[in-house]
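**Q** I am attaching a structure below and will ask some questions about it afterwards.
The values are calculated or read from the model by the stated rules, or taken from the named source; none is laboratory data. Keep in mind that this is a model prediction, so the values were computed, not measured. Glycine gets a Cβ as well: all are built from the backbone with ideal geometry, and neighbour counts include every protein chain shown. Please note that ligands, DNA and RNA were not included when accessible areas were found on the heavy atoms of the full protein model with its side chains. Shrake-Rupley method; radii C 1.70, N 1.55, O 1.52, S 1.80 Å.
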Amino acid sequence: LEIFDPEEVEYIRSNATATLGGSVTLDCGSVMPAIYIWGFTKPGTDNNVAVAHNYGQGPKVQSQSSSLGSIKLQVNTSTLVIEELQKEATGMYTCQALYDTDKGARITFYFTRLEVEDE
């Protein structure tokens, strides 16, 4: 896989708010990437922890993400769904998406800041 212009990385930022015990849907683009990795960074730290990924062999959710809530990946998408949200789910979610195009690979980072509020 050749990335023709590594300087052409796109960054998309958004915010989301959800209720403790509820659910939230976090997008990673409108088109399914060839490869994607979801990470989570807790406020006040710089430690990014893997939550879920798909390296082309199907989606996988990481077991260490269970403290955030019940995590699922929507079928045939890179969309992350967190149900039964825990307070610990507050933080920055990053989806690193690699798209295979006719002009080579294109990389997009999707940053979503999630705030989990009490009921």
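**Q** Looking only at residues in segment 13-31 that are open to solvent by 80 Å² or more (accessible area, probe 1.4 Å) and in contact (Cβ under 8 Å) with a residue 12 or more places away in the chain, which one is farthest from residue 89 (Cα to Cα)?
**A** 31
**Q** Could I ask something else about it? Check whether at least one residue in segment 21-28 is of a type in the set (Asp, Glu) and touching a strand residue (DSSP E or B) at 6+ places or on another chain (Cβ under 6 Å), and report yes or no. Lay out the reasoning, then the answer.
**A** Our first condition is that a residue be of a type in the set (Asp, Glu); within segment 21-28, this holds for 27.
Among the residues that remain, those that are also touching a strand residue (DSSP E or B) at 6+ places or on another chain (Cβ under 6 Å) are: none.
There is no residue in segment 21-28 that is of a type in the set (Asp, Glu) and touching a strand residue (DSSP E or B) at 6+ places or on another chain (Cβ under 6 Å).
**Q** Among the numbered criteria (1) in contact (Cβ under 8 Å) with a residue 60 or more places away in the chain; (2) of a type outside the set (Asp, Glu); (3) loosely packed, with under 12 Cβ neighbours inside 10 Å, which one does residue 34 miss?
**A** (3)
**Q** Please verify whether residue 44 is free of Cβ contacts under 8 Å to residues at least 60 places away in the same chain and open to solvent by 60 Å² or more (accessible area, probe 1.4 Å), treating the condition exactly as stated.
**A** Yes, satisfied.
**Q** For residue 84, state whether it is in contact with a strand residue (DSSP E or B) (Cβ under 7 Å, 6 or more places away or on another chain), open to solvent by 50 Å² or more (accessible area, probe 1.4 Å), charged (D, E, K, R) and at pLDDT 90 or above.
**A** Criteria met by residue 84.
**Q** Among what's in segment 1-18 and is of a type in the set (A, V, I, L, M, F, W, C) and outside any strand (DSSP E or B), pick the residue that is modelled with the lowest pLDDT.
**A** By that ranking, first place goes to 1.
**Q** To continue, here is another question. Mind listing whichever residues of segment 50-64 are outside any strand (DSSP E or B), open to solvent by 40 Å² or more (accessible area, probe 1.4 Å) and not hydroxyl-bearing (Ser, Thr, Tyr)?
**A** Once the filter is applied, which keeps residues that are outside any strand (DSSP E or B), open to solvent by 40 Å² or more (accessible area, probe 1.4 Å) and not hydroxyl-bearing (Ser, Thr, Tyr), segment 50-64 yields 56, 57, 59, 62, 64.
**Q** Between residues in segment 93-105 that are among the hydroxyl-bearing types (Ser, Thr, Tyr) and modelled with pLDDT of 95 or more and residues that are open to solvent by 60 Å² or more (accessible area, probe 1.4 Å) and assigned to a strand (DSSP E or B), which pairs lie under 9 Å by C-beta distance while being six or more apart or on different chains?
**A** Cβ pairs passing all conditions: 93/113; 94/48.
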